[in-house]
Ligand SMILES: [Ca+2]
């Protein structure tokens, strides 16, 4: 495995310029309608060997998605204000019912309670965290019934796997760690790691391909998926693949989830070297990786793949966190060092607008606070950015 090829993983550096090779060769082709027919026929003959076939995409559409002009103007954002600073790669962040938040530091596993105007209050470290490349303490989410059960869920890279655990927050300390979902493959790159409870009360978990792209297409592997489990980790009866936690598959590395109007689930996805993606997630959907990065073109004639609604060059995005507020998705960009506002009309994402360029550096996580401000975490101390004084930080941003 080439480190260079995989390290575009988050594609947080300058991948878009230097390493388009593989994808371009896959997507740069001549559109010939007859070839589609030929491909269909050939696939029909040799069935599951479709992957090895040369296919001829539509050069006009393959790769990029062109969203429609937004029918609503995204709101103006206020100036970012520090909530907490001096943190080591803050990753997961979750609000508690009193309006404070828990934030986790990826490499150390330390968790702190934070609130505007107050110093961070350490509440302990998540056990067994392995500081492994992109892995470590990743997503954190409070139980929807936190006031009763005091449960906090965490997505953790250990020495053996990625896993979801719960802990209880009691007297300003995290205690009683328990396993919820184990055996998610881990690697130095592509560990996924976002946790989110849906309006259906289910826990959604994003995973990466962990450096084995084909596993994203393997429904028996937990790699390269969005998973959906009950709060205790068991498989819901109404998942698309009976007995399986898999909710959608064919993902490379998803680190952003948000539920929008209509209970629709949106997800960000790191491209390899060409096209980052915003996807609307359908249960059971195949999102194409590793056969397709970006929009699939002619291969969709022979494979039932779900195309992204918006794509970006990796240099402008490398998207991690995602949040929804009042009809707009907010997407944090690591390599792109900006925040993308993406208005949504019904189930269609509209043309995105970039804000906060050159302001905060790499943006990892985006959350909506109970008072409808955005809270963002930076990721400038992870070795891929240029730390500013006080990095890394959690900031609040008002929305006019
Ligand atoms: Ca895709």
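The values are calculated or read from the model by the stated rules, or taken from the named source; none is laboratory data. In this text, all values refer to a predicted model and were calculated from it rather than measured experimentally. Every residue, glycine as well, gets a Cβ built from its backbone with ideal geometry; the counts of neighbours run over all protein chains shown.
Quick notes on this one:
- The set of residues in segment 385-400 being in a loop (DSSP other than H, G, I, E, B) and crowded, with 17+ Cβ neighbours inside 10 Å consists of 385, 391, 392, 393.
- When restricted to residues that are surrounded by 24 or more Cβ atoms within 10 Å (Cβ to Cβ) and not in a strand (DSSP E or B), segment 326-336 contains 3.
- Test: residue in segment 276-291 that is more than 13 Å from residue 306 (Cα to Cα), touching a residue at least 40 places away in the same chain (Cβ under 8 Å) and in contact with a strand residue (DSSP E or B) (Cβ under 7 Å, 6 or more places away or on another chain): yes
- Listing of strands (runs of 3 or more DSSP E) fully contained in segment 238-325 that carry 1 or more residues being at negative phi and away from the ligand (no atom under 12 Å from the Cβ): 246-249, 256-259, 265-269, 310-313, 319-325
- Just so you know, in segment 214-237 the residues that are more than 25 Å from residue 151 (Cβ to Cβ) and part of a loop (DSSP other than H, G, I, E, B) include one that is farthest from the chain's Cα centre (by Cα), and it is 220.
- Residues within segment 201-216 that are touching a strand residue (DSSP E or B) at 6+ places or on another chain (Cβ under 7 Å) and closer than 12 Å to residue 249 by Cβ, tallied: 4
- Strands (runs of 3 or more DSSP E) wholly inside segment 91-172 that include at least 2 residues being crowded, with 19+ Cβ neighbours inside 10 Å and at pLDDT 95 or above: 101-105, 110-114, 137-142, 151-157, 162-170
- Filter pass, residue 135 being within 24 Å of the chain's Cα centre (by Cα) and closer than 27 Å to residue 354 by Cβ: no
- The listed residue being within 18 Å of residue 344 (Cα to Cα) and buried (at least 24 other Cβ atoms within 10 Å of the Cβ), out of 262, 321, 288: 321
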